Structure formats: C-alpha cells, structure tokens
1. Pick from region 486-511 the residues that are loosely packed, with under 15 Cβ neighbours inside 10 Å and free of Cβ contacts under 8 Å to residues at least 12 places away in the same chain: which of them is farthest from GLY86 (Cα to Cα)?
2. In this structure, does ALA290 turn out to be surrounded by 24 or more Cβ atoms within 10 Å (Cβ to Cβ), in contact (Cβ under 8 Å) with a residue 60 or more places away in the chain and more than 17 Å from the chain's Cα centre (by Cα)?
3. Pick from region 205-247 the residues that are under 12 Å from LEU170 (Cβ atoms) and polar (S, T, N, Q): which of them is surrounded by the fewest Cβ atoms within 10 Å (Cβ to Cβ)?
4. Return the total of residues in region 517-528 being in contact (Cβ under 8 Å) with a residue 40 or more places away in the chain and loosely packed, with under 15 Cβ neighbours inside 10 Å.
5. Which one of LEU482, LEU514 is more than 30 Å from VAL322 (Cβ to Cβ) and crowded, with 16+ Cβ neighbours inside 10 Å?
6. Among the candidates THR513, THR440, THR444, which residue alone is touching a Pro at 6+ places or on another chain (Cβ under 6 Å), on the phi < 0 side of the Ramachandran plot and among the hydroxyl-bearing types (Ser, Thr, Tyr)?
7. Is one or more of the residues making up region 368-388 assigned to a helix (DSSP H, G or I) and surrounded by fewer than 20 Cβ atoms within 10 Å (Cβ to Cβ)?
8. Can you tell me which residue is farthest from ALA345 (Cα to Cα) among those in region 415-435 that are surrounded by fewer than 21 Cβ atoms within 10 Å (Cβ to Cβ) and touching a Ser or Thr at 6+ places or on another chain (Cβ under 6 Å)?
Amino acid sequence: MNEFVKPSIEYFELAPLLVVFGAACIAVLVEAFMPRAHRFVTQVALTFVALAVALALVVVVALDYADVGPVAFTDGRGFGVVAAMGSVAVDGPTLFLWGVILVLALLGTALFAERRLDGGLSAFAGQAASAPGSDAENDAARERWEHTEVYPLLLFAVTGMLLFPAANDLLVLFVALEVLSLPLYLLAGLARRRRLLSQEAALKYFLLGAFSSAFFLYGAALLYGYAGSMQFGEISDAIANRTDAKGLLLVAIGLLAVGLFFKIGAAPFHAWSPDVYQGSPTPLTAFMAAATKVAAFGAILRLFYVALGNDRTSWLPVFWIVAILSMVVGTVLAIGQSDVKRLLAYSSVAHAGFVLTGVLGVQSASSLAPDELSSAEAVLFYLTTYGLTTLGAFAVVSLVRDAGGETTQLSRWAGLGKDSPLIAGIFAFFLLAMAGIPLTSGFTGKWAVFSVALAAGAWPVVLVAVLMSAAAAWIYLKVIVLMYFREPEADSASVAAPSILTSVAIAVTAVATLVLGIVPDPLLDVLAGAGEFLR
C-alpha cells in the first residue's frame, strides 16, 4: 500500500499569489454585502492595496534568495523552490515575471478607476445585463450605477496571470489558463459605449478561446500518455530517455503550441485580436494587451524550455515559421487600418513574432559568456518594455474624444498635435518605441532578442524581423504625420483632461520607456541575477 504523504505548501514563496487571490475573494464579498454607494471606493482601495502588498512580497522573496545566494535544486541548474507538491516553480524568472505583471496590474487598475473622462462614470457599463439603448440601461446611467464587479474580476485575472508562468505541471498550467481567461471574456463585453461592438468582441473572444483551450487540454492529455506524468521535470526525463512513440509526442507538442499561440495572438491564431482590442473597454484593452502577453510568454518559456527542451529540434522549426508569419501578417495588415485600436492590435501580432524571435535563442545561461544574454533574459526584457509601452499607448487612446465619447478613427486624430502637443508627443514617443527607434526601450528590446537569435543561427528570422521593423516604422510615422502635419477638420477629436490616476499611468509608462532605452543596464543586471528556470 502507498503511504499517505502530507502535502506541503510553501506559503512564504507563494505569498504574492495568495494575497491577490485572497483579495479577489474578499472583493466578491464586498459586492455581496456592501451598500452600492460605498463599493467603488472600497473596491479600488482593496485592489490597489492587494496588488501593492503582493508586489512588496515579491521583492521580499527575491531579496531573501539574494541574501542566501543561489540554492541548488535537484541537478543544480537553478535556484528557488518547486512549491505546492511540485506543481508551482518559484524561481528567478517567476519572481521577475510576477513583478512585471503586478506593476502592469497596478497601472491597469488606475485606468479601470478613471471616472473623469466619462462625466463621473467609468468606461464600464452600469448594468451589463441590460440591452444596449434600453430603458434599463438608461436608468442605470441616470442613477450613475457602476459595475464595480470589474475589480474582483481583475484580481482573479491577475491571479491566473501569476500562476500561468509559474506552473510546473500541465494541469496547473491549464487551470491558470482558464483563471486568467474567463474574467477577461466577461470584461471584454462590459463597455459603457458601443455596447453591441463590445458584446460581439466578448463572444468572439470566448468562442475562439474555448477552442484554443480544447486544443491545449487535448495536447496535455496526449503528453501525459507519452510521459506518464504531468510534471515538467518528469516529462523532460521521459523525452530524454524514450525513443519510441515519437508521433504521439509531436502531436501533443503541436496541440499545446496552438493553445499558447492563441493567448499571445501569434499568426495564424490572431483573428480574435483586432476585434477584441477594438470592442473592449479601452482600460481593459490596455491591461489585457500588456499583462496577458507577459504571462503567456512566461508560460511558453517554461513549458518549452523545461518540459520540452530535450526535443527542441522538433518544435524550433515551427517557432521559426510562426515568428515569421506573425511579423509579416501583423505588419502588412496594420498598413490599411483606419482605427487606432485595430492598428495597435495588428502591431501586437507583429510584436508576438518579435518576441518569438528571442525564444529561438534557447541557449542555457551557463553556456554563455558573462556579458552575453540568454534567450530567456532577452525575452523577459522585451516583454517588460513592450508591456509598459503598450499600456501607456492605450491609456493615451482613452483620452482622445469627441461629443460622443472616445473616438478611435484615425481620420479624427488629424491635427491632434496642435490641439494637445503634449499628449500627441507622448503617443508619438510610444509609437517610436514600438518601431524600435534608438533611445527608446523598444530599440533595446529588439536588439536583445535579435542578438540571441543571431547567436543561435536564426539569421533568416532576424532578417525578416529587421525588414518588418522598417515597414512598421513607416506605419507609425504615418500616424505621427497625421497628428502633426494635417490640418484639423471640423469633426476632429480633442484630448480630454484625465484624472490623476490615468495621468500617473501615462507618466510612469512614458518615463520607463525612455529610461529603459537610455539606461537598460540596471534591469539587465536584475535579469542576469534571476538565474534560470528550475528543471
């Protein structure tokens, strides 16, 4: 008979995740029992405090490991701990990703809490169950009701995002995928204005997300059938030791890749991106575009480097193809866009390809010279810069309005640089960063991922990436020319004055984009000290 093994939970290492999850549960109780008049302030305060405490705990855990020094785990190739009975890996990359996700969540919460732009109301519907334009919805607007349920949904999504890159087990990875996705499906359909477009976006996101989850789950089942285990370390050992059932392994890897490529919006699994980005409330679009990509790429790195790293010759060619396809499709389709949110959506598809270019490096940090970046470090740096820049860009988009509210038609942005030179200048700066212009974080990030890909021999992908970067720069410059060198028309939009929350979010992301472009060394040093993924 098998003896019962007492489960062990490493609460100290898991504290950041548990704090966010606990706050999400408390926020649900606030919705159930607190009077409506006090919910907004309570929910916003609870969300900010929980995320800030979690971020502080991430720093405490990281400093604790830094004081102790590298702690060898099993084969000595990493430091940290595999917690919760081997299902969650808390190592250097996990802690770094947790920090980035929590910073983005704090900035995203500031955008969620913005009320000044819509006349004292948030961007989210007051009563989502009401039909758009119905008397019930008009009553909700007149009574100034707010959907404060968005804050517990945000916290649950952040919980999934924290668990996703830390998952060391296929089942936990799937649970994290669903926990982060389901709240986003709901939030996508809660826009106060253009409700039908928002609900259509939510439905498309949900249906396509359900299909991708089915692919992922089927792939996990096949990989379990191959390896006889759900844990990444044992899967890696099975791949190293088995020489049969290669077809089963290849099908499993392909299905898992489909599910994860959907989450990062890589071509040809990107069809949801432009519709969801355009139809969702802009604060959600900002948070989702930044944080989801960070979490999903973290999961891809851990799954393919740790569990499937011994079979890289099978999946690397697929990553080459998807990277090239994403960069080309995203850039080409962005050319003809007349809506700024759809343009940024296709830009995100192209950036998924740029990040995948860094994944192709796949070197071990121990095999590199001291001054060389590993592929994981390059990808994590790019994700940080891209997340901050993207969130800031969408925050600026939320400020451009006319009498009917937010306007995203590019033709209405003509002459915006004359109407509001500061906001137009900040948005132009974000676009230049996305193009990879020097003295911006985008240039440093692209240099990092391109260099590791070149070192690994993926020069054809890098060549395509450079060409697509040049084409993307032309697309972004068209928007800048529109804002500064076109005369404003009679129906041109103007910039609304935001509250201090949105102003802080824009300022923080703009400063970070500049600083990481001029002085990237401190962040690169942090990444160099983060170590490798636990195996």
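1. Among residues in region 486-511 that are loosely packed, with under 15 Cβ neighbours inside 10 Å and free of Cβ contacts under 8 Å to residues at least 12 places away in the same chain, the one farthest from GLY86 (Cα to Cα) is ALA490.
2. For ALA290, the condition - surrounded by 24 or more Cβ atoms within 10 Å (Cβ to Cβ), in contact (Cβ under 8 Å) with a residue 60 or more places away in the chain and more than 17 Å from the chain's Cα centre (by Cα) - is not met.
3. SER229
4. Number satisfying all stated conditions: 1.
5. LEU482
6. Matching residue, one of THR513, THR440, THR444: THR444.
7. The first filter runs over region 368-388 and keeps only residues assigned to a helix (DSSP H, G or I), leaving 375-388.
Now drop any that are not surrounded by fewer than 20 Cβ atoms within 10 Å (Cβ to Cβ), which leaves none.
No: zero hits.
8. It comes out as ASP419.
The values are calculated or read from the model by the stated rules, or taken from the named source; none is laboratory data. All of these numbers come straight from a predicted model, not from anything done at the bench. We place every Cβ from the backbone using ideal geometry, glycine too, and count neighbours over all the protein chains shown.
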